[in-house]
Each structure stands twice: as C-alpha cells, then as structure tokens.
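Enquirer: Sending over a structure as structure tokens; questions will come in a sec.
The values are calculated or read from the model by the stated rules, or taken from the named source; none is laboratory data. Owing to the predicted nature of the structure, the values given are computational and were not obtained by experimental measurement. Neighbour counts are summed over all protein chains in view; Cβ atoms, including those assigned to glycine, are modelled from backbone coordinates with ideal geometry. With ligands, DNA and RNA removed, areas are computed over all heavy atoms of the protein, side chains included. Shrake-Rupley method; radii C 1.70, N 1.55, O 1.52, S 1.80 Å.
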Amino acid sequence: MALHAAIVGWGMSVPTRVVTNAELSTMVDTSDEWIQSRTGIKERRIISNGESTSTLATAASRAAMAMAGVQAADIDMVIVATFSPDRPMPATACRVQAALGITNAAAFDIAAACSGFVYGLTVATSLIQSGVAKRILFCAADVVSHYVNWNDRNTCVLFGDGAGAVVLEATDQPYGLLSSDMGAAGDREDLLMVEAGGTCLPLTAEVAASDRRFLSMNGREIFKLAVRGMEESSHAALNKANLTLADMAVVVPHQANQRIIEAIAERLGVPIQKFYMNLERYGNTSAATIPMALTEAVAEGVIHNDTYILLTAFGGGLTWASAVVRWGIPSTRLPITQ
Ligand code: UT7
C-alpha cells in the first residue's frame, strides 16, 4: 500500500514587536498609502533582543507538536527551511532539536528562500515515503529583518520575521502532499540576493560597511517572473496530481505582494476569494509565509478536512515550487508516547 505523509499538526510564531507603515515612514521616504496600495501590507513583525530564527522556529514547532499531540520522543527527524540561519554552523534545525529536547532525531536545514516550505514539504514527504523517517517536524522560519537595509525604501517596507511549522506523519491514507513541482534558475541570482557574508564575498570591514551585506532586489523583474513562475508551476503541480483548479478549496500562495497574488488569480482564472492572504499583518516572511497562512486559514475555518489545497511560491535562487495537498488527519495514527 502506498505510503503518505499526513500533516497532523501545525503552528506559527511571530515576534511581539509590530512595525507599522506609519513607523517606517519616519525612517524612509514612504507612506502608508504607498505601501498599502502597492503591496497590501499594513504592518510586519520584527525580532527584538533575545529572539532569533531558532526561537521563532522552536515556538512554532511547539505549537505544531501540541496540535499533533506528539512528544519530543515521537519525532525522528527535524528539518528547518531558512535562508537566515542562527549561525553558519550548526544547522538551525539542530538548535531547534536541542531546544525541544528531541534526542533521537536527525536534523538539517534546507535553503530555498521563499520556496523553502514547498521544497521542504517535498523533501520531508519523500523521506517518509521512502521509509527513512516516520514522523518529521518541519519548520520554515526566517528573520528577513537581519538582511534588510533600513535605508532602502524599495525593500524595507516589504519584509517581516516569522515561523510556521508542521508535523508530518506516515500513513497509508491519502493525505498530505499529493504532487509537487519545483524549479530553479540559478543564473538569475542577481535579481534577488544577499551578496555578502558567505565564502564568496566575506564580511570584511569594508564590505560590512557597504550595502552588499543587505538583501537587494529588482522588484519589477521579480514581480513579472513571480506571476509567470507561480502560474506555470501551479498548472504543473495540478497536472501531476491529476486534479484541476476547480477541485481546489483554497489556494495558499507565498505572501509577497497582494498585487502579485491578484495577477496570479487573474491568469489562472480563479476568483481572488479562493486565495488566502494574511500578508497585511506580516509582510513577506520568506519561507514562513505559507505555513503561517495555513495555520491561520485553518484557525479561521477556511481550510477544512478532506479538501484539496494548492500551495505556490517564488523567490530567491531564483526558485519556485507548487504543491497539491489533501488536508486532513488520518483516522488511525502512528503510536504516540503517553
Ligand atoms: O518573495 C519574493 C520576492 N519579492 C517579491 O516578490 C516582490 C516583487 N516585487 C514587488 O512586489 C514590487 O515590484 C514592489 C512592491 C517591490 C514595487 O512595486 P512597483 O509597483 O513595482 O513599484 P516600482 O518598483 O515600479 O516603483 C514605482 C515608484 C518608483 O518611483 P519612480 O522611479 O517612479 O519615481 C519607486 O522609487 O515607487 C517608488 N517607490 C516607493 N515610493 C514610496 C519604491 N518603493 C517605495 C516606497 N515608498 N516604499
């Protein structure tokens, strides 16, 4: 019988500090009107002292494990998708593993920027389907603010920090990821990147004092490529699942810009009401946007058991990915530590 990986728990965490558009307009030449009309974003969350990618990831993971009703001993793998790790080494997943007391588990990170959740969901599901793992804690977490140039109005208004996590569990019932389509265009890294801070361009004093350590983006070009990329990838994922857009109860897209999402809806011929959005409160939290949106959509009753949902994302790499998921908890679960 085919093995599947059901999503049996989910959760999210954001920093407590809220940064409104009004606050940003005291820092750069922008306005609440411009940001809302061009992006749909009203506010975002930014970390304070003591918070980091792993603290957000740990809190989101705790919520997902509580929802799944599982203990640390029930998890046999921890994966974190992030482009903003706590440290170059070890993997942020190892720090989350330690913080949660998960002792009998492998732990590693995945770096696919804004596409990280769909990439990671695909990897985690494959590891369960191949029998390598039975129950995986998978978290997507980013502290984008660490790389934001607070003097650059083209980018600083767009991003926020956050984390979303899921618990995936082996089942013979057809829940969880049904299909995924992933792609990359490494030759277009110039359109969206953090140039310095790695081995290619180390953070010397001179580089650290320049803009090269910040996130840079060609917004207009990314906008066009994101709309086209998510449209094509959505079709590819649907075709692989042998399902259509009409079968989807909800589309949960990467939350970068309301206008991007509206353009995708129009190109796909789907009413915008079918797209779940919460970007007005969090901005673009990179890999975390989709699991954060999933968590809130379920809490608001937008996603129900036994419905199909389409996920689609696009971001740095360039990378893109879409997936069809059947939402729901299997009627029988793997044994859980009491
Ligand atoms: O996670 C995936 C990665 N990111 C994305 O998907 C983002 C993709 N891109 C976008 O969302 C949009 O391109 C932006 C929101 C970044 C920009 O929106 P736009 O409608 O493409 O604006 P634009 O770049 O064409 O700029 C229009 C004008 C420019 O002024 P001029 O040259 O026309 O005088 C900008 O300088 O708006 C100006 N501008 C601003 N004005 C006020 C740019 N940023 C701001 C700002 N406040 N924050």
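Enquirer: Report, largest value first, the span of the C-alpha coordinates of region 12-163 along each principal axis, in whole Å.
Expert: 53, 30, 28
Enquirer: Okay, moving on. Starting from 0.36 nm per residue, how many nanometres of slack lie between residue 89 and residue 203 once their C-alpha separation is accounted for?
Expert: Separation in residues times 0.36 nm, less the Cα-Cα distance, equals 39.4 nm.
Enquirer: Under a GNM of the chain (C-alpha, springs under 10 Å), which listed residue has the highest mean-square fluctuation: 77, 27, 193?
Expert: It is 27.
Enquirer: A further question on this structure: Within region 211-247, what residues put their amide N at less than 12 Å from the label point 7 Å along the Cα-to-Cβ vector of residue 187?
Expert: Zone members listed by number: none at all.
Enquirer: Output wanted: per-residue J couplings in Hz (rounded whole) for region 274-281, from phi through Karplus 6.51 cos²θ - 1.76 cosθ + 1.60, θ = phi - 60°, x for Gly and Pro.
Expert: 7, 8, 7, 9, 9, 5, 4, 9
Enquirer: Just to be sure I understand the model, the point goes 7 Å from the Cα along the line to the Cβ. What's the resulting residue 99 to residue 242 distance in nm?
Expert: A separation of 4.2 nm, rounded to one decimal place.
Enquirer: Right, something else. What is the spin-label model distance, in nm, from residue 274 to residue 338 if the labels are put 7 Å beyond Cα along the C-beta direction?
Expert: About 4.6 nm separates the two model spin labels.
Enquirer: Could you tell me the relative contact order of region 1-150? Use alpha-carbon pairs under 8 Å, at least six residues apart, and round to a whole percent.
Expert: Dividing the mean separation by the residue count of region 1-150 yields 28 percent.
Enquirer: Quote the accessible area belonging to residue 270 in square angstrom, nearest 10, computed with a 1.4 Å probe and with ligands, DNA and RNA left uncounted.
Expert: It works out to around 10 Å².
Enquirer: Report, in debye and to the nearest 20, how large the dipole of the chain comes out about its Cα centre when Lys and Arg carry +1 and Asp and Glu carry -1 on their Cβ.
Expert: Charge dipole, the chain, about its Cα centre: 340 debye, nearest 20.
Enquirer: Which of 50, 219, 229 moves most in a GNM of the chain, Cα contacts under 10 Å?
Expert: Most flexible of the set in this elastic network: 50.
Enquirer: State, as an integer percentage, the relative contact order of the chain based on alpha-carbon contacts under 8 Å between residues 6 or more apart.
Expert: 26
Enquirer: For the Cα atoms of the chain, what angle does the longest principal axis make with the long axis of helix 53-68, in degrees from 0 to 90, nearest 10?
Expert: Tilt relative to the chain: about 30 degrees.
Enquirer: Carbon and sulfur atoms: what percent of the 1.4 Å accessible area of the chain do they account for?
Expert: With neighbouring chains kept in place, the figure for the chain is 51 percent.
Enquirer: Quote the accessible area belonging to residue 65 in square angstrom, nearest 10, computed with a 1.4 Å probe and with ligands, DNA and RNA left uncounted.
Expert: 10
Enquirer: Same structure again: Accessible area per residue for the chain in Å², computed with a 1.4 Å probe and the full protein assembly in place, what is it?
Expert: 41
Enquirer: Rank-order 207-216, 7-16 by packing density, defined as the average count of other C-beta atoms within 10 Å over each peptide's residues, highest first.
Expert: Going by the mean number of other Cβ atoms within 10 Å, highest first, we get 7-16, 207-216.
Enquirer: Right, another one. For a quick check, take a GNM of the chain with Cα springs below 10 Å and name the residue from 161, 190, 86 with the largest mean-square fluctuation.
Expert: 190
Enquirer: Across region 163-171, in residue order, what do the Karplus-derived ³J(HN,Hα) couplings come to in whole Hz, using 6.51 cos²θ - 1.76 cosθ + 1.60 with θ = phi - 60° and x for Gly and Pro?
Expert: Values, residue by residue: 8, x, 9, 9, 10, 10, 9, 5, 8 Hz.
Enquirer: Could you give the dipole magnitude of region 182-338 about its Cα centre, charging the beta-carbon of Lys and Arg +1 and that of Asp and Glu -1, in debye to the nearest 20?
Expert: With Lys and Arg at +1 and Asp and Glu at -1, about 240 debye.
Enquirer: Which residues' amide hydrogens lie under 5 Å from the amide hydrogen of residue 110, considering only partners 5 or more residues apart or on another chain, with H built in the peptide plane?
Expert: Result for residue 110 returns 80, 81, 82.
Enquirer: Going out from 0 in 20 Å bins, what whole percent of all Cα-Cα distances in the chain drops into each bin?
Expert: Per 20 Å bin, starting at 0, the Cα pair percentages come out as 34, 59, 8.
Enquirer: Considering Cα pairs under 8 angstrom that are at least six residues apart, work out the relative contact order of region 174-237 and quote it in whole percent.
Expert: Once normalised by length, the contact order is 40 percent.
Enquirer: Now, a different point. Subtracting the Cα-Cα distance from 0.36 nm times the residue separation, let me have the gained length for residue 299 to residue 16 in nm, one decimal.
Expert: My answer for the length gained is 99.9 nm.
Enquirer: Here is a follow-up. Using amide H atoms built 1.01 Å from N in the peptide plane, name the residues 5+ places from residue 11, or on other chains, whose amide H lies under 5 Å from its own.
Expert: Under 5 Å from the amide H of residue 11: 64, 165.
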